[in-house]
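Chemist: The structure that follows is given in the form of structure tokens.
The values are calculated or read from the model by the stated rules, or taken from the named source; none is laboratory data. Because the structure is a prediction, the values reported are computed rather than measured. Here Cβ is always computed from backbone atoms with ideal geometry, including for glycine, and neighbour counts include all displayed protein chains. To get the accessible areas, we keep the full protein, side chains included, count just its heavy atoms, and leave off ligands, DNA and RNA. Shrake-Rupley method; radii C 1.70, N 1.55, O 1.52, S 1.80 Å.
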Amino acid sequence: MQRLTGIGASPGVVAGRAVILIQREQVLRYRVPSARVEKEIARLSAGRDATRQQLAEIRSSISRKHGADLASIFDAQLLMLDDQKLIQRAAEMVREQRVNAAWAIQRIFDEFSGVFDDIADDYLRERKGDIADLAGRLKMNLQRGASSPRELLRELDEASVLVADELPPSIAAQVDWTKVRGFATDAGSRTYHTAILARSLGVPAVVGLRDATRVVQPGQPVAIDGEAGDLILDPSDEILSRARRHEHDSAPAPGVQGEPAGPAVTIDGLQLRLDANIEFPDDLAAARYAGAEGIGLYRSEFLLMGGVRAWGAASADEEEQYAIYRRMLEGMAPGTVTIRTFDLDQEGGGMRGLRLSLLKPEPFRRQLRALLRASRHGALRIMFPFVSNVEELREARRLIKEVGSELGLGDEDLARVPVGAMIEVPAAAYTADLIARNADFLTIGTNDLIQYCLAVDRSDARVSQLYEPLHPAILRMVVMVRRAAARQKIPVSLCGEMASDPVVLALLVGLGLREFSMTPAAIPLARRLLQELRSDDLHAIARRALRLSTVEEIESELERNIVVSQRG
Ligand code: PEP
Ligand code: MG
């Protein structure tokens with residue numbers, strides 16, 4: 001047992017296996033869920049093949065331009081890469097210790113470089129740089145096609161404790177805090193954003209640990225004592241049993257109302273709607289607990305977890321879907337539940353969302369039937385993902401009508417179920433006025449809009465720093481969509497992760513949005529912040545932000561003017 005002491009930021013004792021997040025480098029080190037082990041191993045060989053190809057290309061171009069001598073550096077790297085033992089040992093590590101592929105590679109290379117440290121020969125010692133270079137390239141290739149930290153954190157299959165260098169609220173808001181029991185950070189003080197968020201959710205937390213991410217191993221059993229400010233490595237049975245006694249303290253029981261519900265209200269009385277984004281029907285409890293007014297986005301494709309198989313399988317069965325949707329509507333009453341139809345991306349190349357649903361009308365019709373039948377039991381809105389033109393939307397609406405009449409629903413019944421479009425493809429944003437004429441509401445999905453508008457694949461480490469919610473193009477698109485909705489007199493909301501950063505949220509209010517949907521964990525802080533702000537100030541800040549040319553200028557405008565008083 002070893003104890004690291006920092007600052008207790010939120011009380012409670014919890015235990016679990018450590019998941020290490022190095023936010024600055026965007027890496028996550030964790031115990032691979034057993035179901036993912038083989039996939040992780042397959043990524044190792046794919047990563048090696050990509051690396052080999054790149055090195056061979058670099059080698060031949062250098063040899064052409066500068067001769068064979070210089071190119072020989074890459075021969076050494078290629079030899080090292082193809083050393084039978086490298087990938088084999090990494091695969092063993094993944095299988096036996098269940099560490100993720102990138103982390104296994106890092107550890108093997110760390111050992112390698114350790115050996116070089118002890119070599120007396122200067123020339124050989126300098127070869128260490130080549131090893132680091134190769135390790136970096138291999139890890140970069142492993143990251144491509146890997147899930148984002150957000151997805152990985154959602155897939156954890158055992159009680160965990162997150163140990164991060166830092167944990168900005170926008171990431172904290174994406175974590176499923178029923179699986180991740182608590183967190184510890186190297187950075188931070190009692191007053192920083194994430195600590196406030198932890199307290200309002202009752203998630204035990206310790207901050208200011210300085211080097212916990214270096215000391216703790218991924219998958220190592222750890223406990224957090226948020227009162228004492230301790231992170232305990234390999235905790236004793238006594239501490240584990242204390243943690244077990246506290247296990248249910250922070251998990252919201254169904255029906256328990258934690259935070260106040262209803263709209264958030266600014267100092268000058270502007271009302272803002274805060275809904276929750278959820279992936280699983282069970283998340284309703286967390287949404288209610290966080291004070292969500294309704295569900296602004298239910299990602300229904302999570303029902304089909306398991307991919308292609310599921311399109312025809314029992315989990316997409318109409319009866320089962322009907323029961324789930326009905327339970328959600330009743331559970332959230334009188335709040336509105338916005339259910340997004342399946343947004344699957346199994347075929348790649350942009351064949352996803354509504355496009356894919358229209359291509360495979362049978363499962364789509366089953367979903368629409370289940371939705372319309374459930375609509376009798378609460379306030380339902382149906383939303384289509386990845387709409388890129390008016391024809392798709394019209395065709396989907398035609399199907400709703402057709403399915404409705406099969407079910408004996410008349411125009412009046414159907415009028416009770418608003419049908420909306422997600423605006424997450426730039427083409428839809430540019431034609432929001434046309435889409436708005438064919439929709440009962442719009443929802444801006446900035447997660448996809450940003451990546452398609454800025455031409456940045458978020459899973460590609462080489463460009464991920466260009467993924468920038470505050471890019472002037474994104475702010476303009478938001479304004480464009482808001483205006484189109486206003487002209488058509490239909491509601492518009494925003495459900496991308498950008499709304500879960502309270503400072504960005506304040507800007508969005510300034511840009512004229514009034515409805516938001518976000519991860520439940522982000523709602524309490526959003527409400528608290530908005531209550532301390534004046535809407536006319538926010539409008540003035542937004543007007544200035546719209547005239548600025550760079551992300552940096554926009555960020556500093558926000559930093560100077562939106563004061564998060566709790567931030568200390
Ligand atoms: C979005 O694209 O902004 C969105 C909310 O949808 P998802 O994150 O599920 O793609
Ligand atoms: Mg999306």
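Chemist: Against the longest principal axis of the chain, how steep is helix 535-547, in degrees 0 to 90 to the nearest 10, with axes from Cα atoms?
Modeler: It works out to around 60 degrees.
Chemist: Something else about it: For the peptides 527-539, 402-414, what is the packing order when you average, over each peptide's residues, the other Cβ atoms within 10 Å and list the highest mean first?
Modeler: 527-539, 402-414
Chemist: Dividing the convex hull volume of the alpha carbon atoms of the stretch 60-167 by its residue count, what do you get in Å³ per residue?
Modeler: With only Cα atoms used, the stretch 60-167 gives 163 Å³ per residue.
Chemist: Would you mind checking the tilt of helix 68-81 against the longest principal axis of the Cα atoms of the chain, expressed as 0 to 90 degrees and rounded to 10?
Modeler: Between helix and principal axis, roughly 70 degrees.
Chemist: Moving to a separate point now. Once amide H atoms are placed 1.01 Å from N in the peptide plane, what residues at a sequence separation of 5 or more from A9, or on another chain, have their amide H within under 5 Å of its amide H?
Modeler: Long-range HN contacts for A9: A205, V206, V207.
Chemist: Let me ask something else. Quick one: angle between helix 237-246 and the longest Cα principal axis of the chain, in degrees between 0 and 90, rounded to 10, please.
Modeler: Taking the Cα atoms of the chain, the angle to 237-246 is about 10 degrees.
Chemist: If you don't mind, another one. Given a cut-off of 30 Å, name the pairs among K39/K360; K85/K179; K139/K179; K128/K179 whose C-alpha atoms lie farther apart than that in the structure shown.
Modeler: K85/K179; K128/K179
Chemist: Ordered by packing density, taken as the mean number of other Cβ atoms within 10 Å over each peptide's residues, highest first, how do 119-125, 432-438 rank?
Modeler: So the order, starting with the most tightly packed, is 432-438, 119-125.
Chemist: Put one equal scatterer on each alpha carbon of the chain, apply the Debye formula with no solvent term, and list log10 I(q)/I(0) at q = 0.05, 0.07 1/Å to two decimals.
Modeler: -0.23, -0.46
Chemist: Using Cα-Cα distances under 8 Å and only pairs 6 or more residues apart, what relative contact order does the stretch 395-530 have, in percent?
Modeler: 21 percent
Chemist: Give the whole-number value, in cubic angstrom per residue, of the convex hull volume spanned by the C-alpha atoms of the stretch 76-137.
Modeler: 75 Å³
Chemist: Right, another one. Residue by residue through the stretch 265-276, which ³J(HN,Hα) values in whole Hz follow from phi under the Karplus form 6.51 cos²θ - 1.76 cosθ + 1.60 (θ = phi - 60°), with glycine and proline marked x?
Modeler: Karplus values, whole Hz, x for Gly and Pro: 10, 6, 3, 8, x, 6, 8, 10, 8, 10, 9, 10.
Chemist: Tell me, what HN-Hα J-couplings in whole Hz come from the Karplus equation 6.51 cos²θ - 1.76 cosθ + 1.60 at θ = phi - 60° for each residue of the stretch 397-409, using x for Gly and Pro?
Modeler: So the J values, rounded to whole Hz, are 5, 4, 4, 4, 4, 4, 5, x, 6, 4, 8, x, 8.
Chemist: Determine how large the accessible area of F302 is when every protein chain is in place; take a 1.4 Å probe and give Å² rounded to the nearest 10.
Modeler: Result for F302: roughly 40 Å² accessible.
Chemist: Also, quick follow-up: Which ³J(HN,Hα) values in Hz, rounded to whole numbers, follow from the phi angles of the stretch 128-143 under the Karplus curve 6.51 cos²θ - 1.76 cosθ + 1.60, where θ = phi - 60° and Gly and Pro get x?
Modeler: These are the phi-based 3J(HN,Hα) values: 4, x, 5, 5, 4, 4, 5, 4, x, 5, 5, 5, 4, 5, 6, 6 Hz.
Chemist: A further question on this structure: Please tell me the relative contact order of the chain in percent, rounded to the nearest whole number, where contacts are Cα pairs under 8 Å and at least six residues apart.
Modeler: 15 percent
Chemist: Could you tell me the center-to-center distance, by alpha carbons, between the stretch 399-457 and the stretch 276-297 in angstrom?
Modeler: Here the two parts' Cα centres lie 21 Å apart.
Chemist: Another question, then. Placing unit charges on C-beta atoms (Lys and Arg positive, Asp and Glu negative, everything else neutral), compute the dipole magnitude of the chain about its Cα centre in debye, rounded to 20.
Modeler: 1120 debye
Chemist: So for the chain: antiparallel DSSP bridges make up what percent, rounded to the nearest 5?
Modeler: 35 percent
Chemist: Another question about this same structure. When averaged across all projection directions, what area in nm² does the alpha-carbon convex hull of the stretch 360-471 cover?
Modeler: For the Cα atoms of the stretch 360-471, the hull's average projected area reads 8.3 nm².
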